[in-house]
Structure formats: C-alpha cells, structure tokens
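The values are calculated or read from the model by the stated rules, or taken from the named source; none is laboratory data. Here the structure is a predicted model, which means the values were calculated and not measured. Cβ placement follows ideal geometry from the backbone for every residue including glycine, while neighbour counts extend to all protein chains displayed. Note: areas computed on protein heavy atoms with side chains; ligands, DNA, RNA excluded. Shrake-Rupley method; radii C 1.70, N 1.55, O 1.52, S 1.80 Å.
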Amino acid sequence: MKRTYAINNLDCAHCAAKLEAALKQVEGIESVSVNFVAKKLTIEADESDFDAVMRRALRTCKRIEPDCAVAYSEPARETKHSAVIIRICVAAALFAGALFVPDTWTLRPLCFLIPYAVAGYDVLWRAARNILRGKVFDENFLMALATIVACCIGEYPEAVAVMVFYQIGELFQRVAVGNSRKSIKALMELKPDFARVLRGGAEAEVAPEDVEVGDIILVLPGERIPLDGVISAGSTSLNTAALTGESLPRDCNEGDGVCSGSVNLTSPIRVRVTSPYDRSTVARILELVENSSSNKSRTESFITRFARYYTPCVVIGAALLAVIPPLAFGLDWSEWIDRALTFLVISCPCALVISVPLTFFGGIGGASKRGILIKSANNLEALAHVGTVAFDKTGTLTCGSFRVTAIHPEAMSEAELLDIAVLAESYSKHPIADSILRAHGGHIDSSRIADVSEAAGHGVRAAIDGRTVYVGNGKLMDSAGITWRGCEDDVGTVIHIAADGEYCGHIVISDEVKPDAADTIMQLKSAGVARIAMLTGDVSSVGDAVGTALGIGEVHSSLLPEQKSEVLDKLLSEKPTGTTLAFVGDGINDAPVLARADVGVAMGAMGSDAAIEAADVVLMEDKPSKLPEAMQIAKRTLSIAHQNIAFALAAKLAVLALGALGLADMWMAVFADVGVSVIAILNAMRTLNTKRTLNDASAASQPGAAAI
C-alpha cells in the first residue's frame, strides 16, 4: 500500500535528498519519495507490515532531520520571514559598528564574534548536530567550517560578512520557493468549503465529504459546485476555467452534467449528486496535482545522484588544495587554507537540487492552469520527446455525436427497419445506439424484446417478437452466416439488420470531425512529430474519409480492442530512437491502449474514472488541440531545467577554478552558492507563468466538417 504524509520544517532541498536516500534503506520500504516543493512524503510498503515500517521510517526521519515533523495533516503554512529579517538586520548593524572599532582594541575580535553568532548560530548548531550523527557533507558544515577557520586565521570581517550574506541568500531562496508553493496552492482552491444540501424540505450546510450520492444540493450564483452531478432544476452559466482552462462560460440546463470545481455564474440551480466527494472531479484533480512530483524524471534522478557524489569529492579536493601546495612546494599555509575555504563554500549543490525539481513542479502546475493534468515529472519529460502520435477516432478526432444519415431497407419500409434496429439497440449505452434511438424518437415497447446480448466490436443479438434479430457490422453478419449488402456511396458507419437469417437492410450512422482536429494535426507536424496514425474500429471507408479530411496518411481501420493493442505495439517497435509514442483516446474503451503507450493521453475526460486511472496525461477540455499545447509546455519546462543545470554547473565550475587559482574571494564563493541558487529558482518559477502559446481562436474558427 502507498500513503502520503505532510512533512514540515524541511527547508533544504539537499537535506530532502539525503532524507530520501536514508529512507530507501529502511527495511520494508518498497519505494519512497520526498517532495521538497510540495512538502510531501510518500511511502509504499506491504500493507500487513505498514505500521512497523512507518515506525522505522519515523525514527530515520528524526535521526537524519530532527527538526522535521511527519504528520497526516496538511503541510504547515509557510514560515513567517520577519524573525529572520530582524536577525539579519541586527547582525548587519552590529557588523557595521564593529568595522569602526580600532585595530588596537583587544576586544575587537569579540566585536565581530557577536554579530557572527547572531547571524550564524543556527548554521553552527545544525552543523555540530549533523557531525555528531555522522552526516558531515552538507551546506551547514561547509559554511561553519569556512567561517570558523576564517576567524582562526584572523579574517573576522570576512567571516561575519560571508555569514550575513549567506543568510540573506537563504532568505531569498526560501521566499522564492514559498512563492512557488503559493502559486501551486492556488490550484488547490478548487475545493469548496461546504455543500448546501436539501433534505426533508430543509437546507443544511455540510462538508462535501458528508454528502451522499442521490442527495440534492443547492448552488447559488457565485458559489463553486462542490460535487459532480446532474442539474435537476434550473439553468445557468458555469465558469469552468479552473478545470479546463477555457475562459468562456458554459451554458447548462436541466439534465446536463456538471463537474465539481466549476463556478455558478448566473442563477440558482439544484444538482443531484452522482458521485461521492472522494471520486469527484475536483478531488481527483487535487490528488493528481499534489502527487505529481512523486515520481522523479530522469533529469531529477540524475541530479540527485550527482549531488550525492559531487559534494564529498569537492570537500576532499578542498582538503588536498589546503595541504598539498604548502607541504610539497613550501607555499604559504594561510593563503592555501583561504583558497580551500573558498572552494568549500562554492561546493554546495543546492542550486541544482532545488531548482530542477521546482522546474518540473512548476511546469506541471502551469499545465494544470490550462486544463492539462500531467501525473508525474516522468510523464512530463516523456511528453517533451513525443515523436509518434496515435489517435483514436470516435470521440477524439470526431465529436462522437452520431446521427442517422441514411436508411436502406430491403423488403420492408424505412420505418419498420428503424423499428427493429431501435428495439435491439434499446439496452445498449453505445453512442451508435443513442443515435438510432434519437432518429426513431417514438415509444419503445420493451415487452417485445427478450434475450439481448452484445458482442464487443460486432453488434447486438436479440429476440424480438419471437424472431432472432442481428444488428451490427459486417463481422456480426458473417459470424451469423448472413449475406449482407452495402452501398459504395455511403460514407459512415454501416449498421446491418437481419431477422431469422434474412437480410433486412442497413442504416448509415455518421459522425462529425471536431472543428480543431485538422489544426491539431498541422500543429503536431510543425512541432516535429514524424509519424501520426489513426486507430479506429470503424470500417475502412469511414476511417479513410476522416484521415483524408484531417491530413492523416496512416489509418488503421476495422480494429477490435485487442487489435488496437497489436497495432500500437508495432508502432512502439518502429518509433525513432530517443522519442516516445503518445496515444490519444477517450479514456474509457481505450484504457488498455492508453496504459500501453509511452504517454497515454485521455481527452475530454472530466468525470471519467477510466481516464484518470489509465492515462498519464488528462486533457480536461474536449479539444485535441490541447495535445500540442501540452507538448509545448513540456518542452519549455525541460528546456528551463536544462538551462538551470547548465548555468549552475558552469557558474560553480568557473568559480571553483578561480578559487583554486586564488582569484575568487569569499564573496564570490557565497554568490556561487546562494546567489546561483536564487537565480536558478527564479528561472524555474517561469514555468508557472504558462501563457496561451497556441492560436485556439484559429482552430475554433475552422468551419465544422461535414458528417463523416
């Protein structure tokens, strides 16, 4: 089983990485993730032994990070920075005063040690405590060692100044990370505080978790809809921007489904609840966003491994730099010790271990604002490398709103043929059945129907008025041994009808291409996607017609669900090296294929359990054009992560070289530590400011395609 806990008082990304490494060694833990940005600890272990494993994990947390607190509750609010600011100001004032103390005073060292203690007592305490626990190589040890040795060789002003500047940099770093957390937390405001339930003629405000399926809730203008449901009375306009990124309100009437998290804009409505809160759209969105950083990307994993070896190596290098030149060449000890201290301060890898995870977390949060839910950093990185895209047709590239466009009876009237078809399809929930029911529009006498069975991908067999009736595609007719006929002029899904072995005729069902589908294909080709395919269970004539209309050259038609998986396996084996394959489907009947693809993308999936569970990426709005937008966000996020890696490594290596040559002082060293961290964090925060990069208006303005 897997559980997620809040982890408070963890303010160092390097410490978070060390804590995660230690927890991975705890007996019984199958997997563990410490999310520094989201303040989350996720542990997976065997359910039968979970409590014992958790006790061992808590002891490890206390040993590695004594100040951390692990709890079931939400993470604590961001720490107020006023106390830190006051301490820095006091230390800076005392330091400024000490600079005016004459060198002849015997108490001059004490005048510097006082502001040094004020500014750095917490650093010194953490360093001493970590040394006693055998955890030496962290930034507290580096800063403590560098400044204490500076004091020992009489460099008091430099030691105090470095400690004060270090604390200022740490403050900026905490503020930057805190602002990033707040930006992500804004997504969490989807959750309503209460639900107004109507029970027994009375109105009561209760927690959303206490509302039961079937309850009627009242939603007033300006309020968020607390749970998924269907409007039972009233009509209104809903703001769904927080869910889909769509700025235009959506008009809803009685009988329309509504999703939790939407804002009621105009009129009071009554909603019949269709799912409990923990299975509602808003609850699942919150869960996805909160846990999105649990699985690290390859880039993040590399940085974690790199930091594990990088700091000890630099510390050893600093020791050699301090000892070898004086011993081997008789050079000045104080000069080379000073160079070694500078070398030490530079070595802390916080710029990498903070900024890279923050970049991915920000990219996921920014995508969420656009109605694109990405489950993990792994999925975001895979999305950035998509080179092959396979689409489902119905409900993905087409609207899925079928309608009867032609009726071709044989030896009976059109009305009689439609009557037989509607009786057979009356128990099916398939969109094709819905279209036949709408075309019929009359009363259905269920007493005439018996023994209905549905064969996936083929059709329906039923006993109607004592006759054995088959309604489905050509494969169903073939399996029943019935000779069927079609019309070459019919473009659409052909539904054949037969009774007692006699062919009765066929009905043509047509779908419509989505307005932005063709623009989506063009955008994908412009983005460098080398291969685009469409997989459909429909007949070749329909699949080819849709493919031609959209500019898709590779169309696989007449596929059963298991055959879709076979075609996808072939596409996976043929994809270019270094690229990934994305499959885009409706998330319900395509769940097996979504799970098999490198990146499974479920679109228009608000309220769909199968979409949330099977897909890696969920597009909350029913627009295929969200896919290239998601890819662009992923590529931008990965680019910013690479920028941070290149900048941090280049800056540190450059200052390390200057420090070894004696050309970098402590000020430059502290900049290479906290200064580079702040710059990298600020750059990472750009991923939160995701703007509309695609011209949705041009897609929306495309004329609606003819029925296919």
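Results, tabulated for the structure shown:
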item: Filtered residues of the range 1-60 (kept if open to solvent by 20 Å² or more (accessible area, probe 1.4 Å), modelled with pLDDT of 80 or more and among the acidic types (Asp, Glu)); result: 27, 30, 44, 46, 47, 49, 51
item: So residue 338, is it among the acidic types (Asp, Glu), open to solvent by 20 Å² or more (accessible area, probe 1.4 Å) and modelled with pLDDT of 85 or more; result: no
item: Failed condition for residue 662, given (1) within 30 Å of residue 522 (Cα to Cα); (2) outside any helix (DSSP H, G or I); result: (1)
item: Filter pass, residue 364 being out of contact with any Gly (no Cβ under 7 Å at 6 or more places or on another chain) and not polar (S, T, N, Q); result: yes
item: Spans of helices (runs of 4 or more DSSP H) in the range 80-152 with at least 3 residues under 30 Å from residue 310 (Cα atoms) and small (Gly, Ala, Ser); result: 108-132, 139-152
item: The one condition in (1) in a strand (DSSP E or B); (2) open to solvent by 40 Å² or more (accessible area, probe 1.4 Å); (3) touching a helix residue (DSSP H, G or I) at 6+ places or on another chain (Cβ under 9 Å) that residue 496 fails to fulfil; result: (2)
item: Residues of the range 499-532 that turn out to be without any contact (Cβ under 8 Å) to a residue 60 or more places away in the chain and on the phi > 0 side of the Ramachandran plot, as a count; result: 2
item: Residue in the range 618-626 that is part of a helix (DSSP H, G or I) and not hydrophobic (A, V, I, L, M, F, W, C) present; result: yes
item: Scan of the range 45-57 for residues that are under 28 Å from the mean Cα position of the chain (by Cα) and in a helix (DSSP H, G or I), ordered by number; result: 47, 50, 54, 57
item: Tabulated pairs, the range 96-117, first in contact (Cβ under 8 Å) with a residue 24 or more places away in the chain, second among the aromatic types (Phe, Trp, Tyr) and surrounded by 10 or more Cβ atoms within 10 Å (Cβ to Cβ), C-beta under 6 angstrom, 6+ apart or interchain; result: 98/112; 109/156; 112/156; 115/95
item: Test result for residue 548, among the polar types (S, T, N, Q), in contact (Cβ under 8 Å) with a residue 60 or more places away in the chain and either out of contact with any Lys or Arg (no Cβ under 7 Å at 6 or more places or on another chain) or closer than 30 Å to residue 636 by Cα (or both); result: no
item: Some residue of the range 220-240 being closer than 30 Å to residue 670 by Cα and at pLDDT below 80; result: no
item: The range 579-598, residues that are open to solvent by 60 Å² or more (accessible area, probe 1.4 Å), in a loop (DSSP other than H, G, I, E, B) and either at pLDDT 90 or above or not β-branched (Val, Ile, Thr) (or both); result: 589
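Residue-wise test of (1) open to solvent by 40 Å² or more (accessible area, probe 1.4 Å); (2) modelled with pLDDT under 90; (3) of a type in the set (D, E, K, R).
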position	(1), (2), (3)
93	yes, no, no
99	yes, yes, no
102	yes, yes, no
105	yes, yes, no
108	yes, yes, yes
113	yes, no, no
117	yes, no, no
123	no, yes, no
128	yes, yes, no
